[in-house]
Amino acid sequence: AYRHLGNMYMLLIVKIFIFFRLTSSETINCGSGSKSCQEDTKTCMPYQECDIFCTEDRSCQASTFNCPTNATCAVNCDANPGIACQKATFNVYESQSASFLFGGDDSGQFQNGYISCAKGSKCEIQCGTNEQTGSGYAQNMCNDATFYAKDAAQLRVIAKGDHSIDTASIYCPETGDCMIDIENGNEAMSHLKIFINDPSKVDLQITCPYTPHGEDGSNGCYAPGDPDLPTLYCGPVLDTYKYSCNYITTNGIDWHCSNRASPCNTNSHWSNTTAPTRAPTPAPTNNTLSPTRAPTNTTASPTRSPTNTTASPTHSPTGSTAAPTKSPTTPTKQPTHSPTGNTPSPTHSPTGNTPSPTTSPTGNTPAPTHSPTNPTKQPTHSPTGNTPSPTR
């Protein structure tokens, strides 16, 4: 019984701890003096919502902040006066959400800053808070900043104020939404650099309430002239960004490459590339190196019912074959039982001269005769004439 009560007690403690971790939040205040976070590194506690405030001049300058794991993160940089988060770095972890607000009355709050949004995360970044623009108001709020969300699920950048994201670099998610909203400010997008991989996989949305260049004397989305236009970079191989084009608009809503044939146009797609994608599709729609299940062109695979001549022999051949026939009409290498014509085998009744001796030879033969007429080396019993034998 005591053990059972002890287990229940420990389980209750664990539940209370988890509830506390999930419902509690952490606040990091970076102020002036001893509270300054300048050139420091701050890491939020895991499983707790984390709020980061940088409200004093240079209070978070060149600092590094790590948002919590398994919890959301909110960052507020709006020093009045001063520049709070210049050159600061913020890291958002996997599958989490984070919001960033860079405001205040002074320009350049997040100039040269860096935000990294990890795999599956959702990041919303607002550069500027003033509704008024022009001389005397904050400008260049996120000038030359980098928003790296290549692996994120979603990225949204909101720009307010003149030149608010001028010269910034935006790395859009490989797949998903990439939204850039210009709410006010003159030439907010001048020199802006946008990076995507496959244009067909990214939903790139850009809105700007102004005419492109402010031809009527009012604000413009970007400054006129080739060097000041926004640039879109893309590439079929991850992180190479081989192609680029000037990304322009005629009405602030519809955007496209100045060169309509550019591969970076968001309605284009890659095909027949040598580099595979990280997540291949099970049913490709373009030409690929993989064969299809139902090919329509000639293939190297034989069919079950061939209609053309094949290399396989048939059971009933037509035409000449290499197999011998039962009744050959021309001489063959194998002898027949009834040969016709001359054969190399001897006959029982040879005709003509043969190398074999006959029983009745005709003509001169090398065999001796019974009555020799010439002297011989062997003496005879009845010698005739002079002989070499001695006399008595």
Could you check region 42-52 and list, in sequence order, the residues that are crowded, with 18+ Cβ neighbours inside 10 Å and either at pLDDT below 95 or farther than 13 Å from Ala88 by Cα (or both)? Cys44, Gln48, Glu49, Cys50
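Out of the residues in region 154-175 that are hydroxyl-bearing (Ser, Thr, Tyr) and not in a loop (DSSP other than H, G, I, E, B), which is surrounded by the fewest Cβ atoms within 10 Å (Cβ to Cβ)? Steps first, please.
Within region 154-175, the first condition is being hydroxyl-bearing (Ser, Thr, Tyr), and the residues that meet it are 164, 167, 169, 171, 175.
In the following step, the residues that additionally are not in a loop (DSSP other than H, G, I, E, B) were identified as 169, 171.
Working: Ser169: 18, Tyr171: 24.
That would be Ser169.
So if I check each of Asn80, Asn7, Asn29, which one is open to solvent by 50 Å² or more (accessible area, probe 1.4 Å), in contact with a helix residue (DSSP H, G or I) (Cβ under 9 Å, 6 or more places away or on another chain) and either more than 26 Å from Gly120 (Cβ to Cβ) or at pLDDT below 80 (or both)? First the steps, then the outcome.
Working: Asn80 fails: in contact with a helix residue (DSSP H, G or I) (Cβ under 9 Å, 6 or more places away or on another chain); Asn7 fails: in contact with a helix residue (DSSP H, G or I) (Cβ under 9 Å, 6 or more places away or on another chain).
Only one candidate passes the filter, namely Asn29.
Conditions tested, residue by residue: (1) buried (at least 20 other Cβ atoms within 10 Å of the Cβ); (2) under 21 Å from Ala188 (Cα atoms).
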| site | (1), (2) |
| --- | --- |
| Asp40 | no, no |
| Cys67 | yes, no |
| Val92 | yes, no |
| Ser107 | no, yes |
| Gly128 | yes, yes |
| Ala152 | yes, no |
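State whether one or more residues within region 38-52 are touching a Gly at 6+ places or on another chain (Cβ under 9 Å), on the phi < 0 side of the Ramachandran plot and in a loop (DSSP other than H, G, I, E, B). Spell out how you get there, then give the answer.
Narrowing region 38-52 to residues touching a Gly at 6+ places or on another chain (Cβ under 9 Å): none.
No, region 38-52 has no match at all.
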Please count how many residues of region 203-234 are at pLDDT below 90 and part of a strand (DSSP E or B). 2
Cβ-Cβ below 6 Å, separation at least six or inter-chain, first residue in region 109-122 and more than 21 Å from Phe53 (Cβ to Cβ), second outside any loop (DSSP other than H, G, I, E, B) and open to solvent by 30 Å² or more (accessible area, probe 1.4 Å): which pairs? Lys122/Ser97; Lys122/Gln154
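One residue is enough: does region 264-271 have a residue meeting the conditions farther than 21 Å from Pro173 by Cβ, assigned to a loop (DSSP other than H, G, I, E, B), among the polar types (S, T, N, Q) and modelled with pLDDT of 90 or more? Please lay out each step first, then the result.
Residues of region 264-271 farther than 21 Å from Pro173 by Cβ: 271.
Next, from what is left, pick out any that are assigned to a loop (DSSP other than H, G, I, E, B): 271.
Then keep just the ones that are among the polar types (S, T, N, Q); that gives 271.
The next check asks that each one be modelled with pLDDT of 90 or more; those that pass are none.
The answer is no; no qualifying residue exists.
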Taking only pairs six or more apart or across chains, which ones have beta-carbon atoms under 7 Å, a first residue in region 55-68 that is closer than 7 Å to Gln38 by Cα, and a second residue that is open to solvent by less than 60 Å² (accessible area, probe 1.4 Å) and of a type in the set (Ser, Thr, Tyr)? Ser59/Ser36
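The values are calculated or read from the model by the stated rules, or taken from the named source; none is laboratory data. As the structure is a prediction and not an experimental result, all values here were calculated from the model. Reconstructed Cβ throughout: ideal geometry from the backbone, glycine too, with neighbour counts over all protein chains shown. SASA here: full protein model, heavy atoms, side chains in, ligands and nucleic acids out. Shrake-Rupley method; radii C 1.70, N 1.55, O 1.52, S 1.80 Å.
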